[in-house]
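What follows is calculated from the coordinates using simple rules that are stated; it is not laboratory data. For clarity, every value in this text was computed on a predicted model and none was experimentally measured. Here the Cβ positions follow ideal geometry from the backbone for every residue, glycine too, while neighbour counts run over all protein chains shown.
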Amino acid sequence: MIQSPASSNLLRERGGEATAWNLAADLDLAPGTLHTHLATLKDHRLVVYRDDGYRLASRFLTLGGFVRNHFDPYQATKEQIEDLAD
């Protein structure tokens, strides 16, 4: 699996940004292990590194939209959701 739910949840809980040291401590991982994990997430454009911290990448929006539009329960209730939104 490319993306670890634990790391993305921690990034979200920290306002979308955290240092590698914070994540390593929170996940109880060795810094080297976490660095490898973050490098993989970065290679797959799931996180970006800016200003000494990692952030969730905007690719999550694209992936979320894809899942929303292709997930059967959403399609089954799409008309009702749009009616409620109006």
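Once phi is turned into θ = phi - 60°, what whole-Hz ³J(HN,Hα) does the Karplus curve with 6.51, -1.76 and 1.60 give for every residue of the stretch 25-32, x standing for Gly and Pro?
These are the phi-based 3J(HN,Hα) values: 5, 5, 8, 6, 10, 5, x, x Hz.
Which far-off residues, 5 or more places away or on another chain, put their amide H under 5 Å from the one on Tyr54, with H placed in the peptide plane?
Ala18, Thr19, Ala20
Mind listing the long-range amide H neighbours of Val47? Cut-off is under 5 Å, sequence gap 5 or more, other chains count too, H placed in the peptide plane at 1.01 Å from N.
Long-range HN contacts for Val47: Lys42, Ala57.
Set the Förster distance to 22 Å, then compute FRET efficiency between Lys42 and Asn22 from the Cβ-Cβ distance, nearest 0.05.
Using R0 = 22 Å, I get an efficiency of 0.85.
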